[in-house]
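A short reminder: the numbers here are calculations on the coordinates, not readings from a lab. Here the structure is a predicted model, which means the values were calculated and not measured. Positions of Cβ are generated from backbone atoms using ideal geometry, with glycine treated the same way; all protein chains shown enter the neighbour counts.
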């Protein structure tokens, strides 16, 4: 079974496709000056783009892990999440507080989706 790497960078790939699944690397906002809601909106646009490259979409998300620099940002992050979420196909989700690699980042997201049939 082949492995496909999307958007490879120096230390990681943006996503890896293997065995009918796409594994997303930690996605962070391109513009860290945004608030948590804005960063999450930016991240979800990136997720949509990676899923599209793999020939799938958010309705095929299996699980998502969201890391917040501060749990006080949960409401803003959830506003963006709720606007994006496919209500008929909700993934399993965990949200935790974590110190992120760049102090300006408020949110990071990773997850797994199934490829389209």
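When the Gaussian network model of the chain links Cα atoms closer than 10 Å, the mean-square fluctuations of 91, 103, 32 top out at 103. The angle between the Cα long axis of helix 36-53 and the longest principal axis of the Cα atoms of the chain comes to about 10 degrees, rounded to the nearest 10. All C-alpha pair distances within the chain, sorted into 10 Å bins from zero, spread as 14, 48, 32, 6, 0 percent across the bins. Helix 74-84 and the long axis of the chain differ in direction by around 40°, with both axes built from C-alpha atoms. Going 7 Å from the Cα of residue 12 toward and past its Cβ, which residues in the stretch 23-56 have a backbone nitrogen under 13 Å from where you end up? Backbone N within reach: 23-29. When shorter helices are ignored and each DSSP H run of at least 4 residues is given -39500 (n - 2.57), the per-residue value for the chain at 222 nm works out to -8000 deg cm²/dmol.
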